[in-house]
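Before anything else, here's the structure in question.
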Amino acid sequence: MAYAAGGATAAFSRSNGVLGLSAVDLAVAIRKRQVSAREVMTAYLARLASLNPRFNAIVSPVEPELLLRRAAAQDADAAKGRFHGALHGFPHAVKDTAPVRGIRSTQGSPLLRDNVPAADSLVVARMRGAGAIFTGKTNVPEFALGSHSFNPIFGVTRNAYDPRKSAGGSSGGSAVALALRMTPLGDGSDFGGSLRNPAGWNNVFGFRPSFGRVPSAPSTDVFSQTFATSGPMARTVEDVALLLSVQAGKDPRVPFSLKDDPAIFARPLAREWKGRRIGWLGDLGGALPMEDGMLSGCEQALSAFRAIGMTVDAAKLDEPAEAMWRTAVTLRHLSVGADLRSFADDPVQRAQMKPEAVWEVDGFHKLTAAQIADAQAGRTRIFEAFRRAFEQFDFLLLPTAQVFPFDVGLHWPDEIAGRKMDSYHRWMEVTLPATMAGLPVLAVPAGFGGPNRLPLGLQIIGPAHADLAVLQVAHAYERASPWIGRTLPDALAASGA
C-alpha cells in the first residue's frame, strides 16, 4: 500500500506498515485513501489473533467478519466523500467499565457476566460518532478496583514487556493492547491511577484530564461523583491529544462539564519551554515508601526537561501525606461504596464480590456525616496545597507508581521497602493527591529499571484546567526522549513487527 511521501507516514510505511503508524498518521492515510479501513482492520485483527491469547488484553471480541463488513461500509462512505470523523476506520477496544451498545460489558464482575447494554455511554458514543469500529473490550480488575487487571471472568492481563508481570490497572488491558499494537488508540478511566499506572508500566502515555474535561453520562449523581474520569491512552502525546479532542467537550447532562472547544487539542503541540519551572515531588519528602530503583530511575528521566531548557528543582506540598491519604480513603469509600452498595446489600451477590469491593461498601456504611465533612475540607486543603506549589512551579512531577510491575500471580503488594500496606490500594498512594485536587495529569514513560529492567513512568501534573499545557510540555519531553518510541516489547520483535 502507498503512503504520502515524506514525514512520519512514509517512514513507518517502509518499516512495518499500518501497525507502525501513529494514530495521527493513520488518520491522515485513511482520509487520503492511501489505506482502506478494511486493510487497517485486517492488520489489527491479525495482530490481535497473534498476541492476545498470550497477553489477554482484549476480551469479549466481536466477530472478525462483522468487523470487516463494518470497515468495508466505512470505505464505501469514504469513496463518496463521507468521513465519519477523526477516528474513521480505527479499530478500537473499549475499557470494560464503559457501556458499549451491543457488546458484553462486565466490569470484570460475575454479577455482570451477561450484561449487554442497549446504549453507549457518552464517551463511547463520541468515539463511535468519530468513526471508531469497536472490536471488543479491554480487560480490567473486578469493578476496576485495584491496579492489577485480573478478574474471575476473563483472568489476568499480562505486561507487554514481561508477561510474567502485572500490566497494572484498572486500564491494564488498554495499555497492553496499545503497547502490542492491537489497537491504534486506547481509552480508560482513572480514580486511583487507572490511566497512569498501566501507562507507566507499559511504556505508553495515559492522560487523566481535569475534572469536567471529559464528562460522564449517564450517571445517577452528576454533582458528587467528581473523582473518576474517562481519558485517552496512546503511544505518542499527539495521539493522546487526538483522542482527547474526540472525548472532551461540554454536555448539557453534566453540569460541571467544561465548555472549551475540544478542537484545541488537535492543533500542533510544539511550544517553547526555556526558563519554565518543574517541581519534583519525589516520594513526598520521604512519606511514601518506594521500591529500590524507582526514584533514581525517575530522576534520570528529569534530564529530558533540562534538555528542553526547563529548570528542575525539589518541590513539596504543604498538606501532609498521611492527611491526604485519610481524605482519599474516606472519599473513596463514599464514592465506590455508593456505586456498589446495591450489589453488596444482597447476600447472594455479596458472596460473589471480591473482598476489596466488600471492604469499600462496608466502609461506606460506617461513614459518619462528620467524617465526610472533614474529608471534604481535607480535599479543599489538597487543592490549596497544589495551588500554592504552582505559584512557584509550572508543573509538578511524581512517579506513576511506588513499585515496578510485580508478579502476575500476586493480587497486590502487601509491603514496600519494609513498610506494610494496609489496603489493596495503599501501594498506589502516589496517584491520589492529584485525583483529589481534580488536576490534569499525563503519565509519560520514564525508562526501565529495577532488577528486571521493567518500565516505569512519571506523572506530569498541571494546574486546574491546564490540560493543553500538560500535553504541550509532555510533547516536548517526548521529543527529547526518542528512546520511548524505539523501545518496543520483545513480543513485537518475535511477531515480526
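Could you say which residue among Ser147, Ser189, Ser174 is among the small types (Gly, Ala, Ser), under 25 Å from Ala434 (Cα atoms), assigned to a loop (DSSP other than H, G, I, E, B) and touching a residue at least 40 places away in the same chain (Cβ under 8 Å)?
On the way: Ser189 fails: assigned to a loop (DSSP other than H, G, I, E, B); Ser174 fails: assigned to a loop (DSSP other than H, G, I, E, B).
Result of the check over Ser147, Ser189, Ser174: Ser147.
Given the criteria part of a loop (DSSP other than H, G, I, E, B) and within 24 Å of Glu238 (Cα to Cα), does Ala263 qualify?
For Ala263, the condition - part of a loop (DSSP other than H, G, I, E, B) and within 24 Å of Glu238 (Cα to Cα) - is not met.
Can you work out which of the residues in segment 360-408 that are touching a strand residue (DSSP E or B) at 6+ places or on another chain (Cβ under 9 Å) and assigned to a helix (DSSP H, G or I) is surrounded by the fewest Cβ atoms within 10 Å (Cβ to Cβ)? Before you say what the answer is, go through the steps one by one.
At the first step, the residues of segment 360-408 found to be touching a strand residue (DSSP E or B) at 6+ places or on another chain (Cβ under 9 Å) are 386, 389-390, 392-408.
Going one step further and asking which of them are assigned to a helix (DSSP H, G or I), we end up with 386, 389.
On the way: Phe386: 23, Ala389: 19.
By that ranking, first place goes to Ala389.
Separate question: Suppose we keep only residues that are part of a helix (DSSP H, G or I) and in contact (Cβ under 8 Å) with a residue 12 or more places away in the chain within segment 340-354. Which one would you say is most open to solvent (accessible area, probe 1.4 Å)?
Arg341
Determine if segment 111-130 includes at least one residue that is over 28 Å from Lys250 (Cα atoms), open to solvent by 10 Å² or more (accessible area, probe 1.4 Å) and among the polar types (S, T, N, Q).
First pass over segment 111-130, keeping only residues over 28 Å from Lys250 (Cα atoms): 111-115.
Among the residues that remain, those that are also open to solvent by 10 Å² or more (accessible area, probe 1.4 Å) are: 111-115.
Narrowing the set further to residues that are among the polar types (S, T, N, Q) leaves 115.
Scanning segment 111-130 turns up at least one residue that is over 28 Å from Lys250 (Cα atoms), open to solvent by 10 Å² or more (accessible area, probe 1.4 Å) and among the polar types (S, T, N, Q).
Being of a type in the set (D, E, K, R) and free of Cβ contacts under 8 Å to residues at least 24 places away in the same chain is the filter here, so list the residues in segment 212-237 that pass it. So that I can check it myself, show each step before the final result.
Keep residues of segment 212-237 that are of a type in the set (D, E, K, R), which gives 213, 221, 235.
If the condition is that a residue be of a type in the set (D, E, K, R) and free of Cβ contacts under 8 Å to residues at least 24 places away in the same chain, then no residue fits.
Restricting to segment 457-497, name every residue that is touching a strand residue (DSSP E or B) at 6+ places or on another chain (Cβ under 6 Å) and either modelled with pLDDT under 95 or open to solvent by 50 Å² or more (accessible area, probe 1.4 Å) (or both).
Selection gives nothing.
So for segment 288-298 (the condition being open to solvent by 30 Å² or more (accessible area, probe 1.4 Å) and over 30 Å from Pro482 (Cα atoms)), does at least one residue qualify?
The initial filter retains those residues of segment 288-298 that are open to solvent by 30 Å² or more (accessible area, probe 1.4 Å), namely 291-292, 295-296.
Now drop any that are not over 30 Å from Pro482 (Cα atoms), which leaves none.
No.
Name the one entry in Phe143, Phe154 that is modelled with pLDDT of 95 or more, open to solvent by 10 Å² or more (accessible area, probe 1.4 Å), among the aromatic types (Phe, Trp, Tyr) and closer than 29 Å to Trp325 by Cβ. Quick ask: steps written out before the conclusion?
Details: Phe154 fails: closer than 29 Å to Trp325 by Cβ.
Exactly one of Phe143, Phe154 is modelled with pLDDT of 95 or more, open to solvent by 10 Å² or more (accessible area, probe 1.4 Å), among the aromatic types (Phe, Trp, Tyr) and closer than 29 Å to Trp325 by Cβ, namely Phe143.
Rundown of residues vs (1) assigned to a loop (DSSP other than H, G, I, E, B); (2) in contact (Cβ under 8 Å) with a residue 12 or more places away in the chain; (3) out of contact with any Leu (no Cβ under 7 Å at 6 or more places or on another chain), yes/no style:
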residue: Ile278; (1), (2), (3): no, yes, no
residue: Asp283; (1), (2), (3): yes, yes, no
residue: Ala287; (1), (2), (3): yes, yes, yes
residue: Asp292; (1), (2), (3): yes, yes, yes
residue: Cys298; (1), (2), (3): no, yes, no
residue: Ala304; (1), (2), (3): no, yes, yes
residue: Asp318; (1), (2), (3): yes, yes, yes
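Same structure, new question: Working only within segment 346-372, note down all residues that are polar (S, T, N, Q) and either modelled with pLDDT under 95 or in contact with a helix residue (DSSP H, G or I) (Cβ under 8 Å, 6 or more places away or on another chain) (or both).
Gln349, Gln352, Gln371
The values are calculated or read from the model by the stated rules, or taken from the named source; none is laboratory data. Computed from a predicted model, the values in this text were never measured in an experiment. No Cβ is skipped: glycine too gets one built from the backbone with ideal geometry, and neighbour counts run over all protein chains shown. All accessible areas refer to the heavy atoms of the entire protein, side chains included, with ligands and DNA or RNA removed. Shrake-Rupley method; radii C 1.70, N 1.55, O 1.52, S 1.80 Å.
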